[in-house]
Amino acid sequence: MSTHTDVWVLYDTCKAAGISARIAPTPRIADAHASCGTSLLIDCTHRDEILSLANAAGVATNGVIEVENSIDPKRDRYC
Amino acid sequence: MIYLDNAATTQKKPPEVAEAICHALLSFGDAGRGAYEASLDAGMAIHRVRQQVANLFNAPSPSRVSFSYNVTEALNIVIGGLLGRGDHAVTTAASHNSVLRPLYRKQVQEGTGLSIVPIADDGSLDYDLFDRSFTDNTRMAVVTHASNVTGDGYDVARIAEIAHAHDALLVVDTAQTAGAYPIDMQADGIDILCFTGHKSLYGPQGTGGLCVREGIEIPPFKVGGTGFHSYDHEHPKRMPESLEAGTINAHGIAGLGAGITYVTSCGIDALHDIIEARTNQLEAGLAAIPGVRIRGGHGGVFRCGIVAITIYDIDSATIADELAQEFGICTRAGAHCAPLMHESLGTVDQGVVRFSVSSFTAEDEIQAAIEAVSAIVKGCSYGS
């Protein structure tokens, strides 16, 4: 994500749309320049829908990458 | 103690504010520095308060709300970031030094033009004169919503129309009105709203911020760690984090959130009614005392909870000290960091004694203050 606020805005947007998501450290493989930034983990099946929601919400993303087995809604205390 | 210096800071806060700060102190990590619970708790709190601020002022979105140390820092961010060589700015004599000094500095360091519209001795602003103060290169008007000396409130919607007709931005200092008077950033045409948290929003000191209309990009005022894009040499340019750097005051912002919750649950109109009733009670009681002269307060389109007085030609510091030492009443004497307003009122030498109420001020406290001033007047040589 471009900023921490973008993460929270998209997190709220996903929640409102009934899509599970979890905030996590940005994987290093995503963009080394994101460094210790935060990212949003979502199920890959929601990819297009979430990008559309992000665009509608004015959220700036730095990119989307696929990682294996990282999404676990049980870990998200805000879900 | 009877606290009547709420225009400086509200001393009595809703208990929820202290509870929120204590909870934050005992649980928060550093926001945006991790995805573990303590960090997320802090990040979530900050984001929720951004939403509260955006809703309170009808700002475009939480992403257009940046936090600062106080309203002075917010005004420095705006004036320092947007005004430059060749630009011109308009303000009024009602402005606090938080507006005047950044503008003066721009004048000296960058040759920025500046017009200061006078205020009449009743506290009123001549809007036609304000209109005529704009030039072809006026970049912004920076105005106070209400005078911190007299409480006179100005018509920001009308000021916005004037500023926009000259293609200038309107920046509003809401130090005295945020939480005490309804403010609708979009309906009023405010381009940038600067606020403080520790007055009528009942948050702790060290909180404040600015709300910025879409399409206005302010360069970072301070730069440093943000928790993202760490390898970039430049500070991120995207709001709200573009105007913040380093660890944010999450503990204070949590308290500010509780203060805003209090204000919105009571209703700003209801709080304003209480403040107005106490202000009217205080003014009526003080005005009836021989030798007391009310300064301003009826020149605006509304009034915030301030009554400014002089007593004969007695130094305002003497009166304020007497009120504090003999009666336990807290007021503020002197110039109130608003030198031009005192020039307008003709009180540069004497200063004024400023009484300022909050929604927590009780009727019997007002009565005690009136009786104290009456006793001081009777005890001085003028009253005998």
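Take B:ARG278 and tell me if it is assigned to a helix (DSSP H, G or I), buried (at least 17 other Cβ atoms within 10 Å of the Cβ), outside the structural domain of B:THR91 (by TED's automatic domain parsing) and charged (D, E, K, R).
So B:ARG278 fits the description; yes.
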*Which of (1) on the phi < 0 side of the Ramachandran plot; (2) not in a helix (DSSP H, G or I) does B:GLY206 not meet, given it meets every other one?*
(1)
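Here is a list: B:ILE46, B:ILE21. Which entry is in contact with a His (Cβ under 7 Å, 6 or more places away or on another chain), of a type in the set (A, V, I, L, M, F, W, C) and in contact (Cβ under 8 Å) with a residue 40 or more places away in the chain?
Working: B:ILE46 fails: in contact with a His (Cβ under 7 Å, 6 or more places away or on another chain).
It is B:ILE21.
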*So which residues in region B:1-57 are over 21 Å from B:CYS304 (Cβ atoms) and β-branched (Val, Ile, Thr), if there are any at all?*
B:ILE21, B:ILE46, B:VAL49
_Checking the condition over 19 Å from A:MET1 (Cα atoms) and either in a helix (DSSP H, G or I) or not assigned by TED's automatic domain parsing to the domain that holds B:ALA362 (or both), which residue from B:GLY224, B:GLY259 passes?_
B:GLY259
*Residue in region B:251-273 that is on the phi > 0 side of the Ramachandran plot and either away from chain A (no Cβ under 14 Å) or charged (D, E, K, R) (or both) present*: yes
_One residue is enough: does region B:10-17 have a residue meeting the conditions buried (at least 23 other Cβ atoms within 10 Å of the Cβ) and modelled with pLDDT of 95 or more?_
yes
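How many residues does region A:1-22 hold that are free of Cβ contacts under 8 Å to residues at least 24 places away in the same chain and facing chain B (nearest Cβ under 7 Å)? Lay out the reasoning, then the answer.
Of all residues in region A:1-22, those free of Cβ contacts under 8 Å to residues at least 24 places away in the same chain come to A:5, A:8, A:12, A:16, A:18.
From what is left, the residues that are facing chain B (nearest Cβ under 7 Å) are A:5, A:8.
Final tally of qualifying residues: 2.
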*Which one of the conditions (1) in a helix (DSSP H, G or I); (2) in contact with a His (Cβ under 7 Å, 6 or more places away or on another chain) does B:ALA245 fail to meet, given that it meets all the rest?*
(1)
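Would you say A:SER70 is more than 7 Å from chain B (Cβ to nearest Cβ), touching a Pro at 6+ places or on another chain (Cβ under 9 Å) and modelled with pLDDT under 85? Before the answer, list the steps.
Working: more than 7 Å from chain B (Cβ to nearest Cβ): yes; touching a Pro at 6+ places or on another chain (Cβ under 9 Å): yes; modelled with pLDDT under 85: yes.
Spelling it out, A:SER70 is indeed more than 7 Å from chain B (Cβ to nearest Cβ), touching a Pro at 6+ places or on another chain (Cβ under 9 Å) and modelled with pLDDT under 85.
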*Counted residues, region B:95-113 - those being more than 23 Å from the chain's Cα centre (by Cα) and closer than 20 Å to B:LEU210 by Cβ*: 1
*Sole residue being within 14 Å of chain A (Cβ to nearest Cβ), at pLDDT 95 or above and in contact with an Asp or Glu (Cβ under 9 Å, 6 or more places away or on another chain), chosen from B:PHE67, B:PHE57*: B:PHE67
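Listed here are the residues, each with its yes/no results for (1) part of a loop (DSSP other than H, G, I, E, B); (2) among the aromatic types (Phe, Trp, Tyr); (3) surrounded by fewer than 21 Cβ atoms within 10 Å (Cβ to Cβ); (4) in contact with a Leu (Cβ under 9 Å, 6 or more places away or on another chain).
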{"residue": "B:ALA8", "(1), (2), (3), (4)": "yes, no, yes, no"}
{"residue": "B:ALA20", "(1), (2), (3), (4)": "no, no, no, yes"}
{"residue": "B:GLY32", "(1), (2), (3), (4)": "yes, no, no, no"}
{"residue": "B:GLY43", "(1), (2), (3), (4)": "no, no, no, no"}
{"residue": "B:GLN51", "(1), (2), (3), (4)": "no, no, yes, no"}
{"residue": "B:ARG85", "(1), (2), (3), (4)": "yes, no, yes, no"}
{"residue": "B:VAL90", "(1), (2), (3), (4)": "no, no, no, yes"}
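The values are calculated or read from the model by the stated rules, or taken from the named source; none is laboratory data. The structure presented is a predicted model; accordingly, all values stated were derived computationally and were not measured. Reconstructed Cβ throughout: ideal geometry from the backbone, glycine too, with neighbour counts over all protein chains shown.
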